[in-house]
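Trainee: Sharing a structure here in structure tokens format.
What follows draws every value from the coordinates through simple rules; no lab data is involved. Being a predicted model, the structure only gives us computed values, none of them experimental. So basically every Cβ, Gly included, is an ideal-geometry build from the backbone, and we count neighbours across all protein chains shown.
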Amino acid sequence: MGFFIAMDYFTVAENPWYYITGAVCLLFALRGLIMYEKLPAKPDVVEATGKKPLLK
């Protein structure tokens, strides 16, 4: 019975800000992914220390 009450609460007509916030968060996540993909690749060796980077 509680499941159907929750379904009524999360409809677009009853709570549109829930879906608007989700869409905005999704857009920011996609924007961050695009910005990350445009960054240059990590070098094989860090110039300052001469060591390999921890994560590559």
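Trainee: What are the ³J(HN,Hα) couplings of segment 19-33, residue after residue, when phi is run through the Karplus curve with 6.51, -1.76, 1.60 and θ = phi - 60°? Round to Hz, x for glycine and proline.
Mentor: Karplus values, whole Hz, x for Gly and Pro: 7, 5, 4, x, 5, 5, 4, 4, 5, 5, 5, 5, 4, x, 5.
Trainee: Only helical DSSP H runs with n ≥ 4 go in: add -39500 (n - 2.57) per run for the chain, normalise by residue count and round the 222 nm mean residue ellipticity to 500 deg cm²/dmol.
Mentor: Details: 2 runs with 31 residues, N = 56.
Helix-only estimate at 222 nm: -18000 deg cm²/dmol.
Trainee: For the ranges 35-48, 17-30, what's the packing order if you count other beta-carbon atoms within 10 Å of each residue, average per peptide, and put the highest first?
Mentor: On the way: 35-48: 8.1, 17-30: 10.1.
Per-residue mean Cβ counts within 10 Å order the peptides as 17-30, 35-48.
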